[in-house]
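Enquirer: One structure coming up, written as structure tokens, with questions to follow.
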Amino acid sequence: MAYKVIILGSGCAGSTAAIYAARANLEPLVLEGHEPGGQLTLTTMVENYPGFPEGLDGPDLVQRMKQQAERFGAKYQMEVARSVDLQSPFTVETDQNTFQAESLIIASGASAMLLGLESESKLLGHGVSTCATCDGYFFRGLKVVVVGGGDTAMEEALFLTKFADSVTIVHRRDQLRASKIMGERALNHPKIDFIWDSVIEEILDPDQLRVEAVRLKNIKTGAEILLPTDGVFIGIGHQPNTEVFQGQLEMGNGYLVVHDGSRTSVEGVFAAGDVHDQVYRQAITAAGAGCKAAIDAERYLEERAHTHQPQQSAVGVVSGEEEAPTT
């Protein structure tokens, strides 16, 4: 099966790319991936996405994006890319099918690394979070715990001090892995306390569907304590979903490297969202990246179709906006 555009991933980046590509009559195929809808499916309430003053559930937002893309002709399939061959035409293999595409948009995201606790999975979106920027506002005046000892955890903790009354960082070692400047900021902040050499054994209480406390274990002494808290933020990093592209695309720290917008190191392959973004990781930035990738892919296909003709801007075709004059 051959397509003009295949999009890997169905989160904000992937579905936004699908909307723009479908409106450009590219009839994209979206392979939803192993986390259909992306990380927003783990979020209960989204209040920082423009256009929804009352907020809306994360799963509802990604479902609306999917429906919007399907309205314009995008095709979604619940399949995961198991292998990808980036020799043109690009070949994508799943457990069920083999697809070919003239262009590829990678929006496979980055998965938050979790502790692996059953109580953690039950309470995700109900007091357990992987994004302080997304959810910090909901903990105004409350007590929260941050897990981790690297820059991610320090950034989460420092951001949460804007809202929470107290922030406790739980780290399994007796010293931080964070950069010196980030570590010093956290260590010197009056709202932040540290519990060293400790891990979370359990988050209470999944039966109540809310966070009430964490049971901590000191890995050196074996002693356990129960620490009351209103929220738990997991700050142990993210893992970009780029395994199938190892050795085929330029990467940095496992994330895809992009240039000139959304272009990767292989012509005709574009990237959008958390699969390349190590800094912002927001729904709105992922959506913007998806828009750019679709426009770049549309222009790439136009250039291929009209190799010997002057390239015309496709902004008006893809976005519905007038092209800005060039200087």
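Enquirer: If S103 meets every condition in (1) closer than 30 Å to V211 by Cβ; (2) assigned to a strand (DSSP E or B) apart from one, which number is that one?
Expert: With (1) closer than 30 Å to V211 by Cβ; (2) assigned to a strand (DSSP E or B) applied to S103, the lone miss is (1).
Enquirer: Looking at L117, is it out of contact with any His (no Cβ under 6 Å at 6 or more places or on another chain), under 24 Å from L56 (Cα atoms) and aliphatic (A, V, I, L, M)?
Expert: Spelling it out, it is not the case that L117 is out of contact with any His (no Cβ under 6 Å at 6 or more places or on another chain), under 24 Å from L56 (Cα atoms) and aliphatic (A, V, I, L, M).
Enquirer: Give G231, G261, G252, G237 a once-over and let me know the one that is on the phi > 0 side of the Ramachandran plot and more than 13 Å from the chain's Cα centre (by Cα).
Expert: The match here is G261.
Enquirer: Let me ask another. Please specify each residue of the range 38-54 satisfying the condition of being in contact with a Cys (Cβ under 8 Å, 6 or more places away or on another chain) and within 12 Å of S129 (Cα to Cα).
Expert: If the condition is that a residue be in contact with a Cys (Cβ under 8 Å, 6 or more places away or on another chain) and within 12 Å of S129 (Cα to Cα), then Q39, L40, T43 are the ones that fit.
Enquirer: Still on this structure, please answer the following. Report every pair of residues separated by at least 6 positions or lying on different chains whose Cβ atoms are under 7 Å apart, first residue within the range 154-180 and assigned by TED's automatic domain parsing to the domain that holds W196 and under 19 Å from P228 (Cα atoms), second part of a loop (DSSP other than H, G, I, E, B) and of a type in the set (D, E).
Expert: R172/D197
Enquirer: Could you grab me the full set of residues in the range 126-161 that are in a loop (DSSP other than H, G, I, E, B) and within 27 Å of Q208 (Cα to Cα)?
Expert: The answer is H126, G127, T130, C131, R140, G141, L142, G148, T161.
Enquirer: Being buried (at least 23 other Cβ atoms within 10 Å of the Cβ) and farther than 30 Å from Q248 by Cβ narrows it down to one residue among S129, S179; which is it?
Expert: It is S129.
Enquirer: Within the range 50-62, is even one residue more than 30 Å from E202 (Cα to Cα), in contact with an Asp or Glu (Cβ under 8 Å, 6 or more places away or on another chain) and either among the polar types (S, T, N, Q) or outside any strand (DSSP E or B) (or both)?
Expert: yes
Matching residues to (1) closer than 12 Å to V146 by Cα; (2) of a type in the set (F, W, Y); (3) in a loop (DSSP other than H, G, I, E, B):
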| position | (1), (2), (3) |
| --- | --- |
| A178 | no, no, yes |
| I181 | no, no, no |
| V199 | yes, no, no |
| E202 | no, no, no |
| V211 | no, no, yes |
| L216 | no, no, no |
| K220 | no, no, yes |
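Enquirer: Now for a different question. Could you please give the count of residues in the range 79-108 that are at pLDDT below 95 and crowded, with 23+ Cβ neighbours inside 10 Å?
Expert: Total satisfying the criteria: 0.
Enquirer: If you don't mind, another one. For the range 25-49: of the residues being in a loop (DSSP other than H, G, I, E, B) and under 15 Å from E102 (Cα atoms), which is farthest from the chain's Cα centre (by Cα)?
Expert: N25
Enquirer: Among the residues of the range 63-83 satisfying the criterion of being of a type in the set (K, R) and not in a helix (DSSP H, G or I), which is nearest to the chain's Cα centre (by Cα)?
Expert: R82
Enquirer: Among the residues of the range 40-62, what is the count of those that are in contact with a Gly (Cβ under 7 Å, 6 or more places away or on another chain) and either of a type in the set (V, I, T) or surrounded by 15 or more Cβ atoms within 10 Å (Cβ to Cβ) (or both)?
Expert: Of the residues in the range 40-62, 9 are in contact with a Gly (Cβ under 7 Å, 6 or more places away or on another chain) and either of a type in the set (V, I, T) or surrounded by 15 or more Cβ atoms within 10 Å (Cβ to Cβ) (or both).
Enquirer: Between a first residue in the range 87-101 that is within 17 Å of K4 (Cβ to Cβ) and a second residue that is modelled with pLDDT under 95, which pairs have beta carbons less than 6 Å apart while being 6 or more apart in sequence or on different chains?
Expert: F99/M1; Q100/A2; Q100/P89
Residue-by-condition table, conditions (1) over 30 Å from F245 (Cβ atoms); (2) buried (at least 23 other Cβ atoms within 10 Å of the Cβ):
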{"site": "S111", "(1), (2)": "no, no"}
{"site": "L114", "(1), (2)": "no, no"}
{"site": "L117", "(1), (2)": "yes, no"}
{"site": "L124", "(1), (2)": "no, no"}
{"site": "T133", "(1), (2)": "no, no"}
{"site": "Y137", "(1), (2)": "yes, no"}
{"site": "V146", "(1), (2)": "yes, yes"}
{"site": "M154", "(1), (2)": "no, yes"}
{"site": "T161", "(1), (2)": "yes, no"}
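Enquirer: Exactly one of these conditions fails for D207: (1) assigned to a strand (DSSP E or B); (2) farther than 22 Å from E155 by Cα. Give me its number.
Expert: Only one criterion is unmet by D207, namely (1).
Enquirer: I would also like to ask the following. Might you check whether a residue that is in a strand (DSSP E or B), touching a Pro at 6+ places or on another chain (Cβ under 7 Å) and closer than 24 Å to T133 by Cβ occurs anywhere in the range 250-261?
Expert: Among the residues of the range 250-261, at least one is in a strand (DSSP E or B), touching a Pro at 6+ places or on another chain (Cβ under 7 Å) and closer than 24 Å to T133 by Cβ, which makes the answer yes.
Enquirer: Restricting the range 84-98 to residues that are assigned to a loop (DSSP other than H, G, I, E, B) and in contact with an Asp or Glu (Cβ under 8 Å, 6 or more places away or on another chain), which is nearest to T242 (Cα to Cα)?
Expert: Out of the qualifying residues, it is T94.
The values are calculated or read from the model by the stated rules, or taken from the named source; none is laboratory data. Quick caveat, the model's predicted, so the values are computed rather than measured. For neighbour counting, all protein chains shown are included, and Cβ atoms are generated from backbone atoms with ideal geometry for every residue, glycine included.
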